[in-house]
1. Given a cut-off of 26 Å, name the pairs among 101/144; 69/137; 101/126; 112/144 whose C-alpha atoms lie farther apart than that in the structure shown.
2. Starting from the amide H of residue 91, placed 1.01 Å from N in the peptide plane, find each other amide H under 5 Å away whose residue is 5 or more places distant or on another chain.
3. Restricting to Cα pairs below 8 Å that are 6+ residues apart, what does the relative contact order work out to for the range 5-146? Please round to a whole percent.
4. Relative to the Cα centre, what is the charge dipole magnitude of the chain, using +1 at the beta carbon of each Lys and Arg, -1 at the beta carbon of each Asp and Glu, and rounding to the nearest 20 debye?
5. Sort 20-33, 70-83 by packing, meaning the average of other beta carbons within 10 Å per residue, with the highest value first.
6. Can you list the aspartates and glutamates whose alpha carbon is less than 18 Å from that of residue 74, not counting same-chain residues fewer than 8 positions off?
7. Out of 4, 82, 72, whose Cα points farthest toward the positive end of the dipole of the chain (charges: +1 Lys, Arg; -1 Asp, Glu; placed on Cβ)?
8. HN-Hα J couplings of the range 74-86 from phi, Karplus 6.51/-1.76/1.60, θ = phi - 60°, integer Hz, Gly and Pro as x?
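The numbers here are math on the coordinates, done by the rules we state, and not lab data. Please read all numbers here as calculations on a predicted model, not as lab measurements. Don't worry about glycine lacking a Cβ; one is built from the backbone with ideal geometry, like all the others, and counts go over all protein chains shown.
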Amino acid sequence: MPFTLANLKHSAGARTSSKRVGRGAGSGHGTTAGRGTKGQRARSGGRRGLAAIGLKRIMSRIPKHRGFKSIHPKAAVVNVEVLQERFDAGAIITPAAILEKRLVRDTRGPVKILGQGTLTKAFTIKGCDVSASAKEKIVKAGGKIE
């Protein structure tokens, strides 16, 4: 038989009929109609007032199966070895200066300086988070953190 618009059908299991609840005890979905027994959620219009109550607690209990976006953005990281290469001695390093040199993509979140590599130039760091190892290297090289 040729394949035409007249004989198109959905694949098996693609279309299921809706569950007909409250159609008598013999149907298997009678009496409480799948709503459990009593309580606000068993009533008509019962779930409306429950949404905002304890929402944070409810949200924290739900497993993050499809990922999770934190309200606290992750810090963009830059190592001291990169600062050594890209900045001149005595430079004032701010998140804007780091963005200008294209060491980070954007400065919506914080910028953190990490201590990987060696540092011989003295820098002044302003408005950036600094790790303990990076702080040690910057101060040792004669720089300062404000």
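1. 69/137
2. For residue 91, whose amide H was placed from the backbone, the distant partners under 5 Å are 124.
3. 17 percent
4. Approximately 1500 debye in magnitude.
5. Packing proxy ranking, top to bottom: 70-83, 20-33.
6. Excluding near neighbours in sequence, the set is 106, 129.
7. Highest projection toward the positive end goes to 4.
8. 6, 6, 7, 9, 9, 8, 5, 5, 6, 4, 4, 6, 8
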